[in-house]
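Let me begin by presenting the structure, written as structure tokens, before commenting on it.
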Amino acid sequence: MAVFEADGSKQHTAPEIELRSRRQRIGSLPLYFSLESSVDNFDKGDKDAVYQRADAFPLLSSQVSPVPWLDVDANLGVRDTYYTKSQRTDLGCDNLPGTGDFGEGNGVRDFERTVVVDDNFNRRIYQAGLTVRGPKLSRIYNSPRSTFSPQYKNTLEPSITYSYLSSIAESTRACISFSGIASSTFSSW
């Protein structure tokens, strides 16, 4: 169980179950499959803010060396996360942002607030990446006067990486903030 202190209130996760698979080759193809998944229960210290999350992140990857001095790594994945509750901004009775009118009729200006609602939602994020390394250039230098090593090797290995991540801005607003967990979606990338 993880316990977080935030704004003077205790928040905790329990139970938390995580399953990870090692990278496995698919038949005789130069493709590999891996999976990260988890199921969590979150409690923000309020009976209305207890919710669950299920997350799965399958990834296909390939590593090839078309010539000895060049490596090409590619990957393709999707992170699918299901939340049992979400959050939204309460706009009050007039449903207009910025007015602060919640309809009490007391003449006191109220402010917009974020509320937890029972609307579940699914967030799906696609990702792809490509890394090209090479050409690999190296040279060995002799250093006969050195007491540490008689030779040193210097290697240059330039690389270029391209990463694609689908838009997540709209669905992130609905994620209930829990000590940064919902916002750190791709911590392993």
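To keep it simple, each residue is scored yes or no on (1) modelled with pLDDT under 80; (2) in a loop (DSSP other than H, G, I, E, B); (3) closer than 27 Å to Val72 by Cα; (4) among the small types (Gly, Ala, Ser).
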site: Asp119; (1), (2), (3), (4): no, yes, no, no
site: Ala128; (1), (2), (3), (4): no, no, yes, yes
site: Glu170; (1), (2), (3), (4): yes, no, no, no
site: Ile176; (1), (2), (3), (4): yes, yes, no, no
site: Thr185; (1), (2), (3), (4): yes, yes, yes, no
site: Trp189; (1), (2), (3), (4): yes, yes, yes, no
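Give Val132, Val108 a once-over and let me know the one that is outside the structural domain of Gly45 (by TED's automatic domain parsing) and either at pLDDT 85 or above or exposed (fewer than 10 other Cβ atoms within 10 Å of the Cβ) (or both). Checking each option against the conditions leaves just Val108.
The values are calculated or read from the model by the stated rules, or taken from the named source; none is laboratory data. Quantities reported herein were computed from a predicted structural model and do not represent experimental measurements. Heads up, the Cβs are rebuilt from the backbone with ideal geometry, glycines too, and the neighbour counts pull from every protein chain shown.
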